[in-house]
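Below you'll find the structure, written out as structure tokens, and then a few comments.
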Amino acid sequence: MNQPSNIARSLLFVALTAGAVALAIADLLIGTTSVSIGQVWSVLCGATEDASLETIVLRMRLPKVLVALFAGMALSASGLQMQTLFRNPLAGPYVLGVNSGASLGVALFTLATPMMGLASASWLHSFGVTGVAWIGSAAILLLVMSLSRRVRNINTILIIGMMLSSAISALVGILQYMGTEESLKAFVVWTMGSVSTVTIDELWVLIPVVVVGLVLAIVVIKPLNMLLLGESYARTMGLNVARSRAIIFISTTLLAGTVTAFCGPIGFIGLAMPHLARITFRTADHRVLMPAAMLWGAVSMLFCTVACDVVARQGVMLPVNTITSLLGIPVIIYVVLRNSHRQ
Amino acid sequence: MIELRDITLAFGSRVLIADATATFRRGELVALLGRNGTGKSTLLRAISALGAVQRGDILVNGSPIGSMSPRELARSIAFVNTERVDVEALTAYDLVAIGRAPYTDWMGRLGAEDRDIVERSLRLAGVESLACRTVDTLSDGECQRVMIARALAQQTDAILLDEPTSFLDLPNRYELCTLLRDLAHRENKCVLFSTHELDIALSLADSIALVDTPRLVHLPTAEMITSGHIERLFDSDHVKFDAATRAITLRR
């Protein structure tokens, strides 16, 4: 019945992969300067003498494509883990406070340091916005993890994460109120999210860290399947729940924390794409769902950057966060409505 | 098969069961009876290593559960609780297949033998026709049977069930307990279930474990009926137990 056959699933995987490749190529071609497919090919083969073309393709567009690809996979994979762990369809990569931790780090960096006269301290600047965002999200996650060690009930952790987030946004609000106009702008720009500010040097950090997070997400496929039935069942089927929970938390920080640090908070990809994977592949088995969610994440993120590129040709630079929200929110509303019909 | 040696269980600082000793054997359906809040669930959780034991030992096939690895324990005891598993897009087949977890590799891949066991488990629980349905579309009775099929797929000597009949209508309660008895007798399993259904327990179970706070009394069903424990325990201002008719009646 209703169960799609293995052939249908394989076709879906092939179609999504093809879609991701097509969007990646489109992303390389589209921009304020048009580049042809032949030109991209010659640059990639190292057969061109045109230095400016090389700069555009290798230094500007290729990093953007790679960032979109890995950010999409990372956010979606961490969202899927959170939804299964918390058994809550509205859980996303940010439920543990990763996002607000990062924003606190950035707020302290951009808003508070000028106030305290530390803005020119060079040791601070070497961290950069990315560094402080990562430290902020890791710190909040460590806090949530240490609090959760004594907590049995997973929903209590969810509430702790949400309350911490609220407390932090209040703190960030105070900093925003007190900050100068100039520093406020720097903070707001970060909150809008961007995949094009990541440099090639930063890619060497982003990609390996995200890959480790994705590998951990694959390692917990079987634990996630067991956790579908709840922690008691998972435990009586032989799962070390505390260890699996820790791996899932670490994976989420590496994935969502790193992406947020580099690109700013990118909304709704991590929340919506696991649902699209579930709807299209019609399964709850993470052996299918995990790669499907990663692919959907990559496709959606690449789509959003291409959309940004297209708009940019008209001279309007949109923050990628606006597009991901417009794309993700209808999916969430559809899922919520569908769930309310079921009951 | 399951041996309780002088165990004491507590909920917080309140002692529920003190110095309980009992042996539950394979091939036997054991009903766990007791008033609300007397520690039936706590006992079941302790045996399946979900909860702590204050004092004493619980032995499964001769080894203390504290010394067994989670995987070993999962191959010896399966657990079914009252929680309704309501997962979107999860088929009954896939749910039962998750029960193979203590035997499968790190990815949870199913071999041909695993698939045979999953299908046999679905058949034994009488839910093979539901295999392709998603669990969120099942009725409570169907769902409970699928969860039992999952426990069967775990291929354990013992199955513990915490109030498996609580959300079912009367015919379904009898059907489910008949299934449990058949599993105990035909599959030679030790099946221990807690329940508030006195009449079902007395008519179907081979033995009764009764929580008579703070003691645990385990007797064959016929002896339990005449022992006087049930009369005393289920006696209140308005109802009494009549050993001759095995029924609870209103006082007039």
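Read-outs: derived from the displayed coordinates by stated rules, not from any lab. Because the structure is predicted, anything quoted here is derived from the model rather than measured. Positions of Cβ are backbone-derived with ideal geometry, glycine not excepted, and every protein chain shown enters the neighbour counts.
Tell me which lysines have Cα within less than 26 Å of B:Lys40's Cα, excluding those fewer than 8 residues away on the same chain? Those lysines meeting the cut-off are B:Lys189, B:Lys240. Taking the three principal axes of the alpha carbon atoms in segment B:20-67, the coordinate ranges are 31, 28, 17 Å, sorted in descending order. Which GluC sites (Glu not before Pro) does segment B:133-211 hold that lie in a coil by DSSP with at most 15 other beta carbons within 10 Å? Answer by residue number: B:Glu187.
Multiplying the residue separation of A:Lys185 and A:Ser166 by 0.36 nm and subtracting their alpha-carbon distance yields 4.7 nm. Per-residue shielding of B:68-79, expressed as the average number of other chain Cβ atoms within 10 Å of the residue Cβ, stands at 3. Hydrodynamic radius of segment B:71-125 by the Kirkwood approach over all distinct alpha-carbon pairs: 12.4 Å.
Take A:Ala26, project a point 7 Å from its Cα along the Cβ direction, then tell me which residues of segment A:311-343 have their backbone nitrogen under 12 Å from it. Those under the cut-off are A:311.
Dipole magnitude for chain A: computed about the Cα centre from +1 point charges on Lys and Arg Cβ and -1 point charges on Asp and Glu Cβ, it is near 1520 debye.
Using R0 = 22 Å, the C-beta based FRET efficiency linking A:His341 and B:Ser139 works out to 0.80. Here the 3J(HN,Hα) profile of segment A:267-272, calculated from phi with Karplus coefficients 6.51, -1.76 and 1.60 at θ = phi - 60°, is x, 6, 5, x, 7, 8 Hz, Gly and Pro shown as x. Overall shape of segment B:2-250 was characterised from the C-alpha gyration tensor. The equivalent ellipsoid obtained from it has semi-axes of 31, 22, 15 Å, in decreasing order. The residue among B:Leu90, B:Leu202, B:Thr134 whose Cα reaches farthest toward the positive pole of the charge dipole of chain B, with charges on the beta-carbon of Lys, Arg, Asp and Glu, is B:Leu202.
Residue-wise HN-Hα couplings along segment A:132-143, as the Karplus relation 6.51 cos²θ - 1.76 cosθ + 1.60 with θ = phi - 60° gives them from phi, are 5, 4, 5, 4, x, 5, 5, 5, 5, 5, 4, 4 Hz; Gly and Pro carry x.
Within 10 Å of the Cβ of each residue in B:126-139, the mean number of Cβ atoms contributed by other protein chains is 2. Once both labels are positioned 7 Å from their Cα atoms along Cα-to-Cβ, the gap between B:Thr226 and A:Ser5 label points is 6.5 nm. Could you estimate the translational diffusion coefficient of chain A from the Stokes-Einstein equation, with Rh from the Kirkwood formula over C-alpha pairs, at 10 °C and 1.306 mPa s, in whole µm²/s? This corresponds to a translational diffusion coefficient of 76 µm²/s.
Measuring from a point 7 Å past the Cα of B:Met107 along Cα-to-C-beta, which residues in segment A:276-292 have an amide N at less than 15 Å? From segment A:276-292, the list is A:285-292.
Okay, helix-only estimate at 222 nm for chain A: each DSSP H run of n ≥ 4 adds -39500 (n - 2.57), divide by all residues, round to 500 deg cm²/dmol; what do you get? So the helix-based figure for chain A works out to -24000 deg cm²/dmol.
Within segment B:49-126, the trypsin sites (Lys or Arg not before Pro) that combine a DSSP coil assignment with at most 16 other C-beta atoms in a 10 angstrom radius are B:Arg84, B:Arg109. In angstrom, the C-alpha Rg and Dmax of the protein assembly as shown are 29.0, 104.
Of A:Val205, A:Ile269, A:Val220, which is farthest on the positive side of the dipole of segment A:179-284, counting Cα position, with +1 on Lys and Arg Cβ, -1 on Asp and Glu Cβ, and the Cα centre as origin? Value: A:Val220.
Across segment A:269-313, Cα-Cα pairs more than 11 Å apart make up 63 percent of the total. What percentages make up the Cα-Cα pair-distance distribution of segment B:72-198 when the bins are 5 Å wide from 0? P(r) over segment B:72-198, rounded to whole percents: 2, 12, 22, 25, 22, 12, 4, 1, 0.
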